[in-house]
Structures are given as structure tokens and as C-alpha cells.
Amino acid sequence: MPLYIGGEWQEISGVAVNPVHNPSTGEVIAETPMCTANQVNEAVEAAAAAFPAWSETPPTERARIFFRLKALLEENFDELVRTNTREHGKTLVESRGDVRRGIEMVEFACGIPSLLMGESIENIARGIDCDTIRQPLGVCVGITPFNFPAMVPLWMYPVALVCGNTFVLKPSEKVPLTALKIAKLLELAGLPKGVLNVVHGGRECVDALLTHPKVKAVSFVGSTPIARHIFEIGTKHGKRVQSNGGAKNFVFLMPDADVENSVRGVIEGAYGCAGERCMAASTAVVIGEAAQRVLPSLVEAARAIKVGPTDREPQPNMGPVITRQHRERVAQLIEIGAKEGARIAADGRNVKLDGAPDGFFLGATVLDEVQAGMTVAREEIFGPVLNVMRFDDLDSAIDVANRSPYGNGASIFTRSGKAAREFKHRIQCGMVGINIGVPASMAWFASNGWNESFFGDLHMQGKEGVQFFTQQKVTTTRWFSFGEGDIWHREGRS
């Protein structure tokens, strides 16, 4: 597995490696080198050396490279989808969504020159004008998770680069292949050497990036404990940090919810990508009569989900989780939920697949009668498990949801405008859905986590992303006529 440093593809030896699995089969398909501080320093220095020329490149020229990247991503779409599915385990449909959402970020980045425009006021005081401009920061870093190999890296470096920064990307050691393919396409699109660099590794690599004196900003997506670590160490060393953490996302089912559409929304939200996404609808909040109207259909739909290998045809509804260890962790949490009083309405732990006996599979699981204090209600499971919590009314349900330490997303299914407005107004999270199972923001809007789902001030995507990767300069100007204001030419002086 190569590194990409200073425009050169480098193979390194003498370091530890991490196996990359095909989760559908358990087969090792590659090995990721775990970089040391030496390789990190080389990558950062290459990015720092490339920054002066790249930052002086006109923004329109920087954007044109990403217009070319967009075309190359479309041309290589199917290959990227297959690579994504092979290393992650998503279904082909889900991988298409992953790559497509990444392309949307590239499209957004192509329009960034208009967002770099400053502001001005003439005569802010007599004879004085004031204007602002946005300038790049320098070397920026992206540290990305396993669950979206295409989309999440593309949340970061297209925006950073069009804004005039250079970049070091560290994709997840579990899924480096898709990120490397896209880096090769960006090289083909004409990106100058050193502007984007790719390293691999674990904590040593990450901490070297967080503490390097030439790194100006860090973007991260992952679990809340690591997000907090990234934020604390990065800011301690003077970096800007945007750090997306985990979540427990709630989807409210009101008594008047349309059964067919709400069940479809919850199923897609809870079990899409095998539940391995920070916007997963992991908790169904069933209110009043919705328990009788909606819940039976929801459990039936979960039991009907076809699980299987995704690297072949025919395609299943849901693929494997990322590793054998993660499968065991999720299964253990299901058992803990049952011991603490949850009722297993659908149990996915005993999936047997003749064609893929060594894959990392779990079936769709529903835990009913979950209470707020249970482990499964507190911890992010990050797997194909749906908690069901029952409430008599909307007020009490919102109160309990708002006590969660997280704050990524929440949705409500209802025909009532009043209930939807009350929910939108009172729920304490950054992304809200009305009759939408997964209210994930599109590229033009911020990925807007709150509380322990986000550490920092400026979110990824949208205008906030541009603000994060630039710094504002304010210039106040006054011009004099020749001799005007010169103290030596005042009356009575010579």
C-alpha cells in the first residue's frame, strides 16, 4: 500500500502493517503500512513546500482542477463503487451513494471562488474605506473513518485545496483503497506535486499530525472519545480543529404517522450501511398508539432484511460489518441489552450464510422496551441494531431525547404540522428531519452536529467549511492628497 508524498507514490518497509479485509469473505485483500513520525514529517514538509505557489494560484485555476476531477470521478464511477464495496462491505447501492455524495462535495468546491469574495464599505468614516479578504491557512490535515471511504475525505480536501491550502490526508487504515484511487485521479486532473499528500497509520501517525508545528488545521470524523482527543491535542498545539464525533439519533413515530412511509424511513435509516454511520436512525421513539399501528410492521420489515455478501450478484439488502471484532462487539451489546431488560423482537446474531461462512455478518436486530439508563441507550452501537423506546406523549419523549449527550440528528414521522413544528423547535440536535429517516446535510449545508457529536466552532461542508479553511483579513484605507496631513506643512511651521 503506497504513500503519496510530494507527488510521488512511495512503498515503505520496516513498519507494522494493518490488514485490509473484504468483510464479505474475511479475506485479507491488502496491507496498510502504519506510518511513523518520520513519514508524517516528510508529508507535512512536502505540503508546506507546495503551499506558497499553490496559495498564489488564482482560485479559478484551482477550481478548474476540481472540474476535471469531477469528470474523472464520473468516468471511473463504477470502479470506485466496486472498490468501495470490496473494502468496506456496503451494498453496491450504498457505495454508489457514498461516491455520489463525494462527487457533490467536489461540485460544491468548484463554486468556492464565489464564496471567497470579501466585503467592503466605502466611507466607513470620513475618507476611510474598509474591506475584507479571505486567505488560506497553510497545511491542513484530514483524518477520516472507515464507514464512508469516498465521501468523508471528499468532505475535507476539495474545500481546503480550492481555498488555497495544501493537505495531508490520513484515511482509515481499514479502508485506504478508495481514497488512494481518488488521489490518483486528482493527480491525473493536474494537481501540482505536494498539494495533496496521503499517509497511513494509527495513533502514532495521528499524534504526529496533531503536534506538527507546520500543521495549521485538522479535520476529523470518528467516535466521540477520539474526536475529543483530536480536539484537545490539536487545539493545545495551536491548530484549528473541526472534530465530528458519534451519535445516538432518534426517529420519532407519532400515532398519525403514515405506516408504509415511516417504516421504510426507519428501516433505511437504521440498517443502511449495516448501521455503521454517524447519522444512523439508531433509536425509534414510538409514541402512544404508534406502538400498535407502526411497530409490528417495523419488526416484520427488519426480520425480512436479506443479509449477505456484497461483492457479487445477486445483491442483498444489507452487507457485513467492517471487522470480525466489531461484529463481536455489537453482538455483545445486544446481549447486554437483553440482560438489562430490553426485549429482543428481532435477533440478527445467528446469521448463517453458506456462500460466505467467514464474512462479518449480523442480521437486523430490534431491541424493544429500551429504557434511557440502559447501556444500549447510552452507547453508540454502530451496527444493525434498532432500539425502540415507548412514550405516552411527544413532550416526555423530547425531554428524554434531549438528555442524550450527543446531538447529531433527529427525525419525526407525522402528518401534524403542529407536532412537527414543536419537534423542530425543541429537539436539541443540529440536523432535523420531518418525514425523513436520515436528515444528513447535503454538500451546500453544514454537517451540523451539536454537543458531544462535534468539537469545534466551524462545521464541515457548506459556507462553514470555507470559513474553517480560510482566515479573514480586514484592511482599513485612507488616501491623502499630496502634502495633506503632513504635520510639517501645517500653518506656522516650516
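The values are calculated or read from the model by the stated rules, or taken from the named source; none is laboratory data. Given the structure is predicted, the values throughout are model-derived calculations rather than measurements. Every residue, glycine as well, gets a Cβ built from its backbone with ideal geometry; the counts of neighbours run over all protein chains shown. Heads up: the accessible areas ignore ligands, DNA and RNA and are worked out on the full protein's heavy atoms, side chains in. Shrake-Rupley method; radii C 1.70, N 1.55, O 1.52, S 1.80 Å.
Note on the range 236-292: residues that are closer than 15 Å to Asn408 by Cα, of a type in the set (S, T, N, Q) and over 18 Å from the mean Cα position of the chain (by Cα) amount to 1.
Has the range 107-119 got at least one residue that is open to solvent by less than 60 Å² (accessible area, probe 1.4 Å) and either within 18 Å of the chain's Cα centre (by Cα) or closer than 14 Å to Ile182 by Cα (or both)? Yes, that holds for at least one residue.
Hey, among Cys140, Cys130, which residue is assigned to a strand (DSSP E or B), within 11 Å of Ala217 (Cβ to Cβ) and in contact (Cβ under 8 Å) with a residue 24 or more places away in the chain?
Cys140
Conditions first: (1) of a type in the set (Gly, Ala, Ser); (2) open to solvent by 40 Å² or more (accessible area, probe 1.4 Å); (3) in contact with a Gly (Cβ under 7 Å, 6 or more places away or on another chain). Ala125 passes all but one, so which condition is the exception? Evaluating Ala125 over (1) of a type in the set (Gly, Ala, Ser); (2) open to solvent by 40 Å² or more (accessible area, probe 1.4 Å); (3) in contact with a Gly (Cβ under 7 Å, 6 or more places away or on another chain) leaves (3) as the failure. In summary, strands (runs of 3 or more DSSP E) completely within the range 394-480 and bearing 1 or more residues that are farther than 22 Å from Val259 by Cα and over 25 Å from the mean Cα position of the chain (by Cα) occur at 470-478. In the set (1) modelled with pLDDT under 95; (2) crowded, with 20+ Cβ neighbours inside 10 Å, the condition left unmet by Val351 is number (2). Residue selection: His425 fails the criterion of being at pLDDT 95 or above and in contact with a strand residue (DSSP E or B) (Cβ under 9 Å, 6 or more places away or on another chain). When each of Thr476, Thr470 is tested for being closer than 30 Å to Ile124 by Cα, open to solvent by less than 10 Å² (accessible area, probe 1.4 Å) and modelled with pLDDT of 95 or more, the lone residue that passes is Thr470.
Being open to solvent by less than 60 Å² (accessible area, probe 1.4 Å) and either within 21 Å of Arg324 (Cβ to Cβ) or among the small types (Gly, Ala, Ser) (or both) is the filter here, so list the residues in the range 377-396 that pass it. It would help to see each step written out before you state the result.
Of the range 377-396, the ones open to solvent by less than 60 Å² (accessible area, probe 1.4 Å) are 377, 380-389, 391, 394, 396.
Of everything in the range 377-396, those that are open to solvent by less than 60 Å² (accessible area, probe 1.4 Å) and either within 21 Å of Arg324 (Cβ to Cβ) or among the small types (Gly, Ala, Ser) (or both) turn out to be Ala377, Glu380, Ile381, Phe382, Gly383, Pro384, Val385, Ser396.
Going through (1) in contact with a strand residue (DSSP E or B) (Cβ under 9 Å, 6 or more places away or on another chain); (2) assigned to a helix (DSSP H, G or I); (3) within 28 Å of Ile287 (Cα to Cα) one by one, Phe231 falls short only on (3).
Can you find a residue that is open to solvent by 10 Å² or more (accessible area, probe 1.4 Å) and part of a loop (DSSP other than H, G, I, E, B) anywhere in the range 179-189? Checked against the condition, which is being open to solvent by 10 Å² or more (accessible area, probe 1.4 Å) and part of a loop (DSSP other than H, G, I, E, B), the range 179-189 yields no hits at all. Screening Val321, Val370 for residues that are within 17 Å of Asn249 (Cβ to Cβ), out of contact with any Cys (no Cβ under 6 Å at 6 or more places or on another chain) and at pLDDT 95 or above leaves exactly one candidate, Val370. When the range 146-165 is filtered for residues that are in contact (Cβ under 8 Å) with a residue 60 or more places away in the chain and within 21 Å of Gly111 (Cβ to Cβ), the ones remaining, listed by number, are Ala150, Val152, Trp155, Met156, Pro158, Val159, Ala160, Leu161, Val162, Cys163, Gly164, Asn165. Residues that are assigned to a loop (DSSP other than H, G, I, E, B) and either free of Cβ contacts under 8 Å to residues at least 12 places away in the same chain or touching a strand residue (DSSP E or B) at 6+ places or on another chain (Cβ under 6 Å) (or both) within the range 323-346 comprise just one, Ala342.
Phe146 falls short on exactly one of the conditions (1) more than 19 Å from Gln10 (Cβ to Cβ); (2) part of a loop (DSSP other than H, G, I, E, B); (3) open to solvent by less than 10 Å² (accessible area, probe 1.4 Å), and that condition is (3).
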